[in-house]
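Laboratory data are not the source of any read-out in this text; all were calculated from the coordinates shown. Remember, predicted model here, so these are calculated numbers, not experimental data. So basically every Cβ, Gly included, is an ideal-geometry build from the backbone, and we count neighbours across all protein chains shown.
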Amino acid sequence: MEKHKFSKAWLTEREFFDNQSRSNLLIKEIKKDSRSINKIIDLGCGTGSFLRWCIAQKLSFSEAMLIDFDRRLINSIGMLFRRFLKNKNYAIKKVNAREYLVTNLSSLGKSKILFLKKNIINSLDKIDRYDLVSLSALSDLLSKNIIRRLLSKTYRNKYIYFSLCFNGKIRWSPVNEFDKYVINKFNKHQIQDKGFGIALGENSIRYIESIANKNSYVYTKKDSSWKINSFNIQGKSFQEKYLKIILTALKNDDITDKDILKLWFSKRMQSIKHIKSKLIVGHNDILIKT
Ligand SMILES: C[S@@+](CC[C@H](N)C(=O)[O-])C[C@H]1O[C@@H](n2cnc3c(N)ncnc32)[C@H](O)[C@@H]1O
């Protein structure tokens, strides 16, 4: 796996937990004024998980543009939507390799889904055509510069929705004496260039808020943390994968004591195996009205 790329398997596995964690911030706002959000653009869309969640919540848009720079992920979206809509009250038709048409069979409302393989940095000129700009599970990768550009004053009367923003809080129970040490190193490790300039990691939420305030935008925030048990296979497997992500991130760096890391990892794995591990990974959803 190339650096800073996300595997389809990981994004598919996390979709279930993301769906359980997403707050009702956007749903409430759309219910207040459904006409204001017609066209959406999802930057760093991965496999299209955010749009599937929207459809499951009965949020409908006339057009959804999904953008990601990873061709493998973009190429998987059509098939995943077909599978997701199967046996639901929708018809899905392929218009061409980059466009699908979804019809709601009750209301007969139609939605265009377009996919584009493109870097977010080169996609900002598209934002103006859309009412809602979504960035899901992405804020910690962003730099100050790209956040300032995303929240630029030239984008008026838009919603910018940063969902599942990692806030740096990782809690395991039962507690292990090295949890704090490892989480601290992991959060430090996240602050490196992830393609946008130096990533803000856990500090992105504070920075987004400060720019929104500076530009006098309406800012709302809600909790959307993962809460994962280990008493079923799905929770167990997800916790193990998350542990491995932390191990992989830290095992070759210059700042983490490798003996502590190994000991911590094996103790945490034992807890998962014995069905008594609970994991909370802190996230927030942020809705900004420009
Ligand atoms: C953690 S995943 C989140 C995926 C999706 N938004 C979700 O909620 O499941 C981050 C996504 O951002 C994409 N990404 C990262 N940097 C990007 C860039 N500069 N341009 C386009 N996509 C990018 C990755 O390919 C990946 O799909």
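Tabulated values for the structure
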| quantity | calculated |
| --- | --- |
| Within region 152-290: Cβ-based charge dipole about Cα centre, in debye rounded to nearest 20 (Lys, Arg +1; Asp, Glu -1) | 400 debye |
| In Å, descending, principal axis extents of the Cα set of the chain | 58, 46, 35 |
| Qualifying trypsin sites (Lys or Arg not before Pro) in region 208-259, DSSP loop, other Cβ atoms within 10 Å at most 13 | Lys251 |
| Derived scalar couplings ³J(HN,Hα) [region 85-97; Karplus, 6.51 cos²θ - 1.76 cosθ + 1.60; whole Hz; x for Gly, Pro] | 8, 4, 6, 10, 7, 9, 10, 10, 10, 7, 8, 7, 4 |
| Neighbour-count ranking [beta-carbon atoms within 10 angstrom, fewest first] of Asp254, Asp42 | Asp254, Asp42 |
| Charge dipole (debye, nearest 20) of region 24-180; +1 at Cβ of Lys and Arg, -1 at Cβ of Asp and Glu | 420 debye |
| Residue order, fewest to most beta carbons within 10 Å, for His189, His274, His283 | His274, His189, His283 |
| About the Cα centre, charge dipole magnitude for the chain (Lys/Arg +1, Asp/Glu -1 at Cβ), debye | 660 debye |
| Within-15-Å neighbourhood charge of Lys28 [Cβ basis; K, R +1; D, E -1] | +3 |
| Rel. contact order, % - alpha carbon contacts under 8 angstrom, at least six apart, the chain | 21 percent |
| Taking Thr47, Thr103, Thr248 and counting other C-beta atoms within 10 Å, the order from fewest to most | Thr248, Thr103, Thr47 |
| Which of Ser271, Ile40, Ser230, positive extreme of dipole for the chain (C-beta unit charges) | Ile40 |
| Calculated from backbone phi, Karplus (6.51, -1.76, 1.60) coupling profile of region 247-261 in Hz, x at Gly/Pro | 4, 4, 5, 9, 6, 10, 7, 9, 10, 9, 6, 5, 5, 4, 4 |
| Listed residues Asn284, Asn184, Asn104: farthest to the positive end of the dipole of the chain (Cβ charges) | Asn104 |
| Convex hull volume per residue in cubic angstrom - Cα atoms of region 24-82 | 78 Å³ |
| Radius 15 Å from Cβ of Leu247, net charge of other residues (Lys, Arg +1; Asp, Glu -1) | +3 |
| Under Karplus coefficients 6.51, -1.76 and 1.60, residue-wise ³J(HN,Hα) of region 220-235 in Hz, glycine/proline x | 10, 9, 9, 6, 9, 6, 6, 10, 10, 9, 10, 8, 10, 4, 5, x |
| Linear extension gain, Ile121 paired with Trp10, 0.36 nm per residue minus alpha-carbon span | 37.6 nm |
| Distant-in-sequence amide H partners of Ser230 (H built 1.01 Å from N, under 5 Å) | Ser277 |
| Nonlocal amide H pairs with Leu164, under 5 Å, H built at 1.01 Å | Ala137, Asn284, Asp285, Ile286 |
| Nonlocal amide H pairs with Lys194, under 5 Å, H built at 1.01 Å | Ala199 |
| Of Asn75, Ile92, Met65, farthest towards positive along the dipole that unit charges on Lys, Arg, Asp, Glu beta carbons give region 1-99 | Ile92 |
| Share antiparallel - DSSP beta bridges, region 99-188, percent rounded to 5 | 50 percent |
